[in-house]
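Right, one structure below, let's go through it.
The values are calculated or read from the model by the stated rules, or taken from the named source; none is laboratory data. Quick caveat, the model's predicted, so the values are computed rather than measured. Methodologically, a virtual Cβ is constructed for each residue, glycine included, from the backbone with ideal geometry; neighbour enumeration extends over all protein chains shown. Calculation scope for accessible area: heavy atoms of the full protein, side chains included, ligands and nucleic acids excluded. Shrake-Rupley method; radii C 1.70, N 1.55, O 1.52, S 1.80 Å.
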Amino acid sequence: MESWLPIFVVAPLGMAFFNLIITKFVRHVSPYLTLSVVIFLLGLSLFFLGHEPFFYAVGGWQPPLGITLVWDSLSQLLILIVSIITLAVTLFAIPYMQQYTAQNKFYSLYLLMIAGMNGVILTGDFFNLFVFMEIASIASYALVAFGVEAEELEASFKYLILGGVSSTIILLGIALLYAATGTLNMADISATIQQGVSKNVLFFTFALFLMGFGLKSALVPFHAWLPDAHPSAPAPISAMLSGLIIKALGIYSVARIFFIIFGIVPIIKTILMVLGALSMVIGVFLAVGQWDFKRLLAYHSISQMGYVMVGIGLATPLGILGGLFHLLNHAVFKSLLFLCSGAFEYTTGTRQLKQLGGLIRKMPWTGSSCSIAALSISGVPPFNGFWSKFIIIVALFQSQNYLLAIITVFVSFMTLISFVKVQKYSLFGVLPKKLQDIKEVPVLMVSGMVILALLCIGLGVLFPVYGVSILESARNLMLEPARYLQYAMP
Amino acid sequence: MEGMTFIVKTITKLLIGAIFLFAIYITFYGHLTPGGGFAGGIMLACGFILLTLAFGKKMSLGKLSDFWASLIDNLGAITFWSIGMLGYLSGYFFMNFIEKSNPFGLFSSGTILISNIAICLKVGSSIFAVFLALTIFGRFISDLIASEDED
């Protein structure tokens, strides 16, 4: 069973190229090929759920020389999130992408993105991390520009330049780390650092990684690309970028590298919390004034990533638990909100909130899903967003960060204001005259949104009772990084 | 007349065989000497680009059309992926499953030689396809200039 681990990367990677060959001869099969791969990956991740941690040596070369893929409680959580969200997004994409040409290329890039993300999550080797990160990023640069309008090309170019800068900085960090420790295997690097490495080199790599992964996860001084790139992409890709890419490439890599490989040090905790608090406040203030629905959601992504960073940066058991729970919840409700914005755009042709109104009467399924997601993100009980924000705020009070706790409550309040505005202008109010004869979106699009809406309710109501064990095992790994050495090396 | 002057065409005719041969040599001996699939593929693509520059697009598209460039591109990737999968079937993903013989021979490295050939096909055809994609804009611009001249 352990030998099935590389399939998470191999299946989407192979299908990405296979799909392009097949569609040269048989047209219109790529959505179904993609859907089959995504369902297979979800089955595989459920099959692996709860498996003991282990490593897989690629090519039969044992670590520390060879490349490893590592399955543990943190990667298990992320793989599960990726598998569930991609299923919902793929179901949504099948009718939505009919508006575009060159669909086979879309699905190939989409599969490459999934392969890259799964690779980043599973890898146990620093250079491999960089390679998979580039696969996912380059696929997403192309996907942001998929509409080839002037605005989309500009956003993609900006994203490409800043993403390229961050990748170069991360590569420089990896090179310095390799020079200092003489190995690329993550577990081996962790063991070498414990034996003692020059502090100056180590802190310089910390700075490089903070900047590189900060750019990937759009923390505030590095956030300039996100409000352009995320709204410009087609709606399913916006959902993937905001729901998964910034988490897998950004937050997950920070958690893996700073907590598990290096072992957390106080200065990094402080920096992460300050950056998180800045993102939270600035993101939400920029979001409140927006009238473009997708742009508003993109600014909220920055703000919500701040919550996750504050929770993780606190590095207390409750704080990390809250951060990881919010990561899971944000993936669910932000993908759902982006899918809803796509559904509104699909029927009405606009995403300006001022031109919408009263949509819940014409589109009951989309409208109620959107309403559930908006209530979740603004932290209304009993939806999932409430619990994770509540845990983070309690953790902040427990560790006597009163100022930060008050800021967090205030940002939550601002989020509520912003989403009350969204609901008032899009779902309720008066239906404009020219939108009188719109209809509900196709069944597959509805099913993708309803899956995520049910998850929002389910995670809120049932998760505190049943699902906590997955989060707790991931949290325990981040608190006791020494355990990583026990199973990631022979 | 399409393409460049008589001198360029003659030199290209003389050199093109040598360029392709050197590309193939670099690819096949990648595991023994500096080079490999990527370097060989770039040389292959450069050969095609030289043909395009010297003789015009029609001639080089006759040798390798955009359909075939993109097909070979995908086939190269699929071949590389299949080598990994064949290794997977015999134990580990990307396992070197072919028997290795005496060092410094052409067939001494197991799957590395096949991988290099797959990478050469992938890189060569995709770089040429990128070049073709860039020349599409060239056609737009020359159409624009022509229409402006008519006005």
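Does segment B:76-86 include one or more residues that are out of contact with any Leu (no Cβ under 6 Å at 6 or more places or on another chain), part of a loop (DSSP other than H, G, I, E, B) and more than 7 Å from chain A (Cβ to nearest Cβ)?
Our first condition is that a residue be out of contact with any Leu (no Cβ under 6 Å at 6 or more places or on another chain); within segment B:76-86, this holds for B:77-86.
Cutting the leftovers down to part of a loop (DSSP other than H, G, I, E, B) gives us none.
Looking for residues that are out of contact with any Leu (no Cβ under 6 Å at 6 or more places or on another chain), part of a loop (DSSP other than H, G, I, E, B) and more than 7 Å from chain A (Cβ to nearest Cβ), one finds none in segment B:76-86, hence no.
Per-residue answers, yes or no, for (1) free of Cβ contacts under 8 Å to residues at least 12 places away in the same chain; (2) surrounded by 23 or more Cβ atoms within 10 Å (Cβ to Cβ); (3) over 23 Å from the mean Cα position of the chain (by Cα):
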residue: A:Cys340; (1), (2), (3): no, yes, no
residue: A:Phe344; (1), (2), (3): no, yes, no
residue: A:Thr348; (1), (2), (3): no, no, yes
residue: A:Gly357; (1), (2), (3): no, no, yes
residue: A:Trp365; (1), (2), (3): no, no, yes
residue: A:Gly379; (1), (2), (3): no, yes, no
residue: A:Trp387; (1), (2), (3): no, no, no
Exercise for review: Quick one: in segment A:66-81, of everything that is within 14 Å of chain B (Cβ to nearest Cβ) and part of a loop (DSSP other than H, G, I, E, B), which residue is nearest to A:Gly119 (Cα to Cα)?
Suggested key: A:Ile67
Practice item. State whether the residues of segment B:84-106 include one that is crowded, with 20+ Cβ neighbours inside 10 Å, within 24 Å of the chain's Cα centre (by Cα), closer than 17 Å to A:Phe17 by Cα and without any contact (Cβ under 8 Å) to a residue 24 or more places away in the chain. Key: yes
Check your understanding: Does segment A:354-372 contain at least one residue that is of a type in the set (A, V, I, L, M, F, W, C) and touching an Asp or Glu at 6+ places or on another chain (Cβ under 9 Å)?
Key -> yes
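Pick from B:Gly30, B:Gly3, B:Gly35, B:Gly40: which is part of a helix (DSSP H, G or I) and either surrounded by fewer than 21 Cβ atoms within 10 Å (Cβ to Cβ) or of a type in the set (Gly, Ala, Ser) (or both)? Don't jump to the end; show me each part of the working.
Details: B:Gly30 fails: part of a helix (DSSP H, G or I); B:Gly3 fails: part of a helix (DSSP H, G or I); B:Gly35 fails: part of a helix (DSSP H, G or I).
Just one listed residue meets the conditions, B:Gly40.
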Exercise for review: Please specify each residue of segment B:107-146 satisfying the condition of being more than 14 Å from chain A (Cβ to nearest Cβ), in contact (Cβ under 8 Å) with a residue 60 or more places away in the chain and assigned to a loop (DSSP other than H, G, I, E, B).
Suggested key: B:Ser108
Review point. A:Leu46 is checked against (1) touching a Leu at 6+ places or on another chain (Cβ under 9 Å); (2) away from chain B (no Cβ under 13 Å); (3) under 27 Å from B:Asn74 (Cα atoms) and fails just one. What number does that condition carry?
Key: (3)
Practice item. Examine segment A:28-41 for a residue that is open to solvent by 10 Å² or more (accessible area, probe 1.4 Å), farther than 16 Å from A:Leu87 by Cβ and modelled with pLDDT under 95, and state whether such a residue exists. Key: yes
Review point. Open to solvent by less than 20 Å² (accessible area, probe 1.4 Å), in contact with a helix residue (DSSP H, G or I) (Cβ under 6 Å, 6 or more places away or on another chain) and farther than 26 Å from A:Leu337 by Cβ - does that describe any residue in segment A:262-273?
Key: yes
Check your understanding: In segment A:27-40, is there at least one residue being out of contact with any Asp or Glu (no Cβ under 6 Å at 6 or more places or on another chain), in a helix (DSSP H, G or I) and among the basic types (Lys, Arg)?
Key -> no
Practice item. Please indicate, with yes or no, whether at least one residue in segment A:266-280 is assigned to a helix (DSSP H, G or I) and touching a Lys or Arg at 6+ places or on another chain (Cβ under 7 Å). Key: no
